[in-house]
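Reading through the structure tokens given below for one structure.
The values are calculated or read from the model by the stated rules, or taken from the named source; none is laboratory data. Worth saying up front: this structure is predicted, and the values here are computed from it rather than measured. Cβ placement follows ideal geometry from the backbone for every residue including glycine, while neighbour counts extend to all protein chains displayed. Surface accessibility is based on the protein's heavy atoms, side chains included, excluding ligands, DNA and RNA. Shrake-Rupley method; radii C 1.70, N 1.55, O 1.52, S 1.80 Å.
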Amino acid sequence: MKSIQCCLLLLLGFLPMGLCAQQADSLAQRLEEILRSELWQRRDTTLQKELFAVASALSEIDAAAEEERAWRALLELCEQDNAICLRAKGDLAILYRHLGDYDKAEPLAKKYVEAARRFYGHSHDEYATAVNSLGNLYLNMGEYTRAEQLYKESAAIWKTIAGSKSIDYAIGLNNLGILYIHTGRYEEALSVLEKARIIYADERTESRRVAYANVLSNMAIARYERKEYELAEVLYKAGNAIYFDIDPNGDDYALGLNNLASLYLAQNKFEQAERVYIEAAKIVERWGNSHPTYLRVLVNLANLYTIWGKEKEGLLSISHYLSCNCPQLPPFGQVDSAWAQALSVVECHDKEGLQMVLSIIEERIQKLRPADARAQRRWLSQAVLELSKRRRDAFGDEAEKTALLRADYPWFEISLGLFEPSEAAAAFEVSERGKAVLLLDAIHTEQAQQFGDLPDSLRRLEKRLQQEQSELKALLLSPLPKEESDSLRRRLNELNSDIEDFKSETLRKYPRYAELRHQALQVDVQQFQQQLGANSAMIEYFLGDTSAYVFYIDKNRVEFHRLATPRDTLREHIKLLRRSISDYEYLREQPDRVHAELRRYGHSLYEALLAPLDIAPAVKQLIIIPDGELAHLPFEVLLTQACT
């Protein structure tokens, strides 16, 4: 199992400066004096500058509660936008992002972008900073498509107004590199990060040295993912040396240690990895038990102990992670029905890390006696699928839903593998819950348009917004002149904001439409049976990573089977059968061999895919719903008997 990496983000205006506790107390005291003053009681706007200074200073130390209080007080004085109020929105959004509170961070970050656009226009550093900050938030939220568009827009602005060798442009390149790492585009990541490294190489100020170390560490992550471990270790250690020199107790140094430990783990250097992970955890624990970096270090420790075979230490790490990440979840000892039910509805801070820990728990359960493991695995997989469904429902974009659905497929495969043949109906509903999500989403859209209460004018507006969004995304995939590309990217970012505002407004004013458009997906096998004719049956396949399943449904019966033929074998036989019926050059040159392959694989695939089913004699029409490579198989050429 691959350990989780924490990519280092260059957070604008959020670099720790190591202020002492006495200074922190002094700042908190000054804030209290301001909020008790007569000027504050009158909400005098002359306090804006002083509140900004106090909040900015608090942002440089571990005083999140006081910092939030200061920013919110400042925003109370902002009846009209000015430079101070704009930055206050942005810095408060950064604080919430740093704390993992994305629900509070997103609306503030979007307001910062909109206000900066109105106040300064598109070609200004403040607007680029706001766009980049929103990109950082979406990166943390896992919304990579949005983040990429925002990063490209901000980088293009900085390059235009400051030049290709400017520090601002290097910031944009670094963040693009982080995004490319998250999306597996390592060559692109190394290319842009090397450009950023060259820009930072000669800088000597403390903040620039930190940024240079960030770039080195991000390059190390890209090398790590490419399994270039020696190069990665050199880069990690170079970056960590800079972090340690600046602040040996800083968050940057802790992140660097976490990543170096993950590198050791990838090479099975368990003792070195454990020592470095624990050192990192001790540093970041001061940020609080729900801090994203602390949670990721705990995930990696649990992963280390699982791979290392240290069961006791692994259980303690899992339990501690879950108590920090999901405070409302009952204490973890083993998976039972009550614990799994609580898991399916719980709110957690770190969703990505949670998926990793749940996979670790699944691995641990598999080591139990089969009688004990089966029930626990069923409870766990069902809870995970419910959690995943809630996560998908939070996205409106089909591409994002598809990506999440693809990531969930191993859990669908695990769940299906735990059903008995007698539980065919329940197994089918699990399978459909995954495969039908996009189809049913489209159906809900159509129902909402037909039966909802949304006026025609707003329905046309929604369709136009969605169509324009798709067109802009398609255009940006093509090579374009820089000015045209930048203009399209700005328009897409504006459009994304308009779509979010439209959704919020329709939810408030037209609840019937919102109910139909976003209703929960319901799958009922009896509904499928009712739609089938007396002489019709449906066969549906589910292909997992290693195993495959088939469902047979007619008016009276539901069957469920695990196919005996491994998926890799099915894939190879389908490839050879297709060659025998579509490669005319091959047929002309070797007709006897082609006929032999057609007979052989036509029958072997029939035996694998259709023979296990008890198809009722009355059935005259088969409706076949394939999956994966089965979509390329012409079922009509399959042979029921072996031919010589």
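Could you give the nm distance between label points at Ala342 and Lys575, where each point is 7 Å from its Cα heading toward the beta carbon?
4.8 nm
Quick check: pseudo-label points 7 Å beyond the Cα along Cα→Cβ at Thr565 and Gln272, how many nm apart are they?
Result for the modelled spin labels: 4.7 nm.
Under the 0.36 nm per residue contour assumption, what length would be gained going from the current alpha-carbon distance of Ile625 and Arg593 to full extension? List each step's numbers first, then the result.
On the way: separation 32, 0.36 × 32 = 11.52 nm, distance 3.06 nm.
Here the answer is 8.5 nm.
Any chance you could look up the accessible area of Asp568 with a 1.4 Å probe, heavy atoms only, rounded to 10 Å²?
100 Å²
Would you kindly find the accessible area of Lys310, with a 1.4 Å probe and non-protein molecules such as ligands, DNA and RNA excluded, rounding to the nearest 10 Å²?
Taking all protein chains as shown, Lys310 has close to 60 Å².
How much of His595 can a 1.4 Å solvent probe reach, expressed as accessible area in Å² and rounded to 10?
Using a 1.4 Å probe on the heavy atoms, I get roughly 90 Å².
What FRET efficiency comes out for His124 versus Tyr409 if R0 is 41 angstrom and r is the Cβ-Cβ distance? Round to the nearest 0.05. Show your work: numbers first, answer last.
Values: r = 45 Å, r/R0 = 1.09.
Efficiency computed from Cβ-Cβ geometry: 0.35.
Using r as the Cβ-Cβ distance of Glu468 and Leu231, and R0 as 51 Å, what FRET efficiency do you calculate, to the nearest 0.05?
Values: r = 44 Å, r/R0 = 0.86.
FRET efficiency, Glu468 to Leu231: 0.70.
Could I get the Rg over Rh figure for region 18-146? Both from C-alpha atoms, Rh via Kirkwood, rounded to two places.
Details: Rg = 15.1 Å, Rh = 15.2 Å.
Rg/Rh for region 18-146 comes to 0.99.
From the protein chains alone at 1.4 Å, what is the descending order of accessible area for His603, His632, largest first?
His632, His603
Counting only heavy atoms of protein chains, what accessible area per residue, in Å², does region 178-253 have with a probe of 1.4 Å?
Here the residues of region 178-253 average 46 Å² of exposed surface.
5 Å is the cut-off here: which amide hydrogens, built 1.01 Å from N in the peptide plane, fall below it relative to Ile624, excluding neighbours closer than 5 in sequence?
Those qualifying (amide H under 5 Å, at least 5 residues apart or on another chain) are Ile539.
Of the GluC sites (Glu not before Pro) in region 319-372, which ones lie in a loop per DSSP and count no more than 11 other C-beta atoms within 10 Å?
Those satisfying the criteria are Glu347.
Ordering Leu576, Leu193 by accessible area with a probe of 1.4 Å, largest first, what comes out?
Leu576, Leu193
Quick check: pseudo-label points 7 Å beyond the Cα along Cα→Cβ at Leu39 and Asp498, how many nm apart are they?
4.3 nm
Roughly speaking, to the nearest percent, how much of region 233-274's 1.4 Å accessible area is carbon and sulfur?
Carbon and sulfur atoms account for 50 percent of the accessible area of region 233-274.
How would Val558, Val525 rank on accessible area, largest to smallest, probe 1.4 Å?
Val558, Val525
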